[in-house]
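Student: Questions regarding the structure given below will be posed in turn.
Read-outs throughout are calculated quantities, based only on the coordinates presented, and are distinct from any laboratory measurement. Quantities reported herein were computed from a predicted structural model and do not represent experimental measurements. Here Cβ is always computed from backbone atoms with ideal geometry, including for glycine, and neighbour counts include all displayed protein chains.
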Amino acid sequence: MRTRPLKVALLGCGVVGSEVARIMTTHADDLAARIGAPVELAGVAVRRPSKVREGIDPALVTTDATALVKRGDIDVVVEVIGGIEPARTLITTAFEYGASVVSANKALLAQDGAALHAAAEEHGEDLYYEAAVAGAIPLIRPLRESLAGDKINRVMGIVNGTTNFILDKMDSTGAGYQEALDEATALGYAEADPTADVEGFDAAAKAAILAGIAFHTRVRLDDVYREGMTEVTAADFASAKEMGCTIKLLAICERAADGGSVTARVHPAMIPLTHPLASVRGAYNAVFVESDAAGQLMFYGPGAGGAPTASAVLGDLVAVCRNRLSGATGPGESAYAALPVSPMGDVVTRYHISLDVADKPGVLAQVATVFAEHGVSIDTVRQQGKDGEASLVVVTHRASDASLSGTVEALRKLDTVRGVASIMRVEGE
Ligand SMILES: NC(=O)c1ccc[n+]([C@@H]2O[C@H](COP(=O)([O-])OP(=O)(O)OC[C@H]3O[C@@H](n4cnc5c(N)ncnc54)[C@H](OP(=O)(O)O)[C@@H]3O)[C@@H](O)[C@H]2O)c1
């Protein structure tokens, strides 16, 4: 074993960074044996230097992350600050100064992954980011290495624990969205400002990363269709139950049936209770992968939290250190397929539409005609009358999102349709 240690600069020592430092210290001997050289924590960059940080030598702490990265003797920079800047500049500076990078930063990778990969390649360094998607769950490496010989057709997952906790609460207790959100906040599962989670921004960043890797194609955050879950109601869950379904916020990356394009989207959807993703409870994450040769695979586990996320960071750190010792680098960006990313209108799926209509003869026929005119075939219809008004629940066969949007637009113009109470996609059948 080499005795000269590999030097690691830790940028950020918060929820994830503090656990990375702890594991590096407590597992130092095992890490050295697995890597073939000791790993030394050479510096820790933070914003508030006076904060007491258990287990961290205060002499290592600095507020000057740039100087730490530019030291010239750093082998690996672990970026767990988060956000776009200064993380982006620190990562590119690390490459320029001869260090490889391990990051957990989904926002940055979804926005600037291509440029960061190019910078890593230019300088002959590694960029690893297993922790950026679904916390502890090994997903990036299985997609980019274990399945590199297969053809992935679909990646569908629950990649945000906060929203899964909220939806699971609504499902199991009949609570409304706000009540379930309040409980998630009280228990620490939701942040004071939950926008990034409940509006699907966090999941969209992860979908962009997953789609890019799965389809060997550059997928930017802007390419991902995004709908949050704040409009999901207790009534939607009641409807889902009647269909033998539950509701999840899903990130779905798909190759088109003809293989010529891909789509990436995040939205709430009904899935059958028999689907493996339906049984993912609480704040857990799971990703369901479908490929030509392997068939169906499911990856499941804690998608966040300090120690679970640090586990993924440490796995990357070991891999990058091993590469460094052997004078090699791991796989870089693979975007050779360069498939076009189609808009949401091209997505084909099933829909559950709930309409408030006048309770009089002929309404059903009128509504059915509108669906037929837009080429959307109806699977089932359920009607419930109450005091001259009625609710009509229509479940369609597979149709394009553009056809469904046209149908809904036309339905809204009918005198007999008082309103469109909800539109929910039905997945996983
Ligand atoms: N938390 C999770 O469960 C989780 C899961 C998956 C991925 N991630 C990702 O991991 C990353 C870190 O998340 P986190 O939850 O650990 O965040 P966090 O608890 O807010 O920690 C951020 C750390 O960065 C430091 N920092 C902030 N601005 C800085 C600057 N300009 N220079 C130097 N240090 C700076 C902070 O210093 P102070 O300590 O002085 O404030 C803090 O130590 C993010 O990209 C996040 O998306 C987190």
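Student: Mind checking which of T233, T274, T246 has the largest fluctuation in a GNM of the chain, springs on alpha carbons under 10 Å?
Tutor: T274
Student: When only C-alpha pairs under 8 Å and at least 6 residues apart count, what is the relative contact order of the chain, in percent? Please report the intermediate quantities before stating the final value.
Tutor: Numbers: 915 pairs, mean separation 68.3, N = 429.
Once normalised by length, the contact order is 16 percent.
Student: Taking only C-alpha pairs under 8 Å that are 6+ residues apart, what is the relative contact order of the range 345-426 in percent? Don't jump to the answer; show the numbers that get you there.
Tutor: Numbers: 158 pairs, mean separation 39.9, N = 82.
RCO, the range 345-426: 49 percent.
Student: Just order 138-146, 364-372 by mean Cβ neighbour count inside 10 Å, highest at the front, would you?
Tutor: Values: 138-146: 18.7, 364-372: 15.7.
Taking the mean over residues of other Cβ atoms within 10 Å, the ranking is 138-146, 364-372.
Student: Using a cut-off of 12 Å between beta-carbons, work out the net charge of the residues near V313 (Lys and Arg +1, Asp and Glu -1, V313 not included).
Tutor: Neighbour charge sum, excluding V313 itself: -3.
Student: Identify which of A312, A118, A136 has the largest mean-square fluctuation in a Gaussian network model of the chain, with springs joining Cα atoms closer than 10 Å.
Tutor: Its mean-square fluctuation being the largest, the pick is A118.
Student: Let me check I've understood the local charge: for D359, count other residues with C-beta under 15 angstrom from its C-beta, Lys and Arg +1, Asp and Glu -1. What total comes out? Don't jump to the answer; show the numbers that get you there.
Tutor: Numbers: positive: K360, R382, K386, R418; negative: D356, D387, E389, D415.
With Lys, Arg at +1 and Asp, Glu at -1, the neighbours total 0.
Student: Considering Cα pairs under 8 angstrom that are at least six residues apart, work out the relative contact order of the range 140-302 and quote it in whole percent. Can you show the working numbers first?
Tutor: Working: 314 pairs, mean separation 53.5, N = 163.
It rounds to 33 percent for the range 140-302.
Student: Further, regarding this structure: If each residue's Cβ is checked for other Cβ atoms within 10 Å, how do T407, T63 rank with the fewest at the top? Before the final figure, lay out the partial values.
Tutor: Numbers: T407 24, T63 11.
Ranking T407, T63 by Cβ neighbours within 10 Å, fewest first, gives T63, T407.
Student: Moving on. What is the sum of charges, Lys and Arg at +1 and Asp and Glu at -1, for the other residues whose Cβ falls under 15 Å from the Cβ of G330? Walk me through the numbers on the way to the answer.
Tutor: Working: positive: R141, R144, R322, R324; negative: D75, E121, E125, D126, E130, E145, D316, E333.
With Lys, Arg at +1 and Asp, Glu at -1, the neighbours total -4.
Student: Right, something else. Peptides 186-199, 7-20: what's the order by average Cβ count within 10 Å, highest mean first? Before the final figure, lay out each step's value.
Tutor: On the way: 186-199: 15.1, 7-20: 23.4.
Order by mean packing, descending: 7-20, 186-199.
Student: Per the helix-only calculation at 222 nm, which mean residue ellipticity applies to the chain, given -39500 (n - 2.57) for every DSSP H run of n ≥ 4 and division by its residues, nearest 500 deg cm²/dmol?
Tutor: It lands at -10500 deg cm²/dmol.
Student: If packing is taken as the average number of other Cβ atoms within 10 Å across a peptide's residues, how do 34-40, 102-108, 391-397, 22-28 rank, most packed first?
Tutor: On the way: 34-40: 17.3, 102-108: 24.9, 391-397: 18.9, 22-28: 15.4.
Averaged packing, sorted descending, gives the order 102-108, 391-397, 34-40, 22-28.
Student: Moving to a separate point now. Compare A257, A175, A283 in a GNM of the chain, Cα atoms joined below 10 Å, and give the one with the largest fluctuation.
Tutor: A257
Student: Neighbouring Cβ atoms within 10 Å as the yardstick, rank I81, I166, I74 fewest first. Can you show the working numbers first?
Tutor: Numbers: I81 25, I166 31, I74 20.
Going from sparsest to densest Cβ surroundings: I74, I81, I166.
Student: Output the pairs from K151/K241; K151/K206; K248/K360 with a Cα-Cα distance over 28 Å in this structure; if there are none, say none. Could you put the intermediate results ahead of the total?
Tutor: Details: K151/K241 34 Å; K151/K206 20 Å; K248/K360 35 Å.
Going by Cα-Cα distance, K151/K241; K248/K360 fall outside the 28 Å limit.
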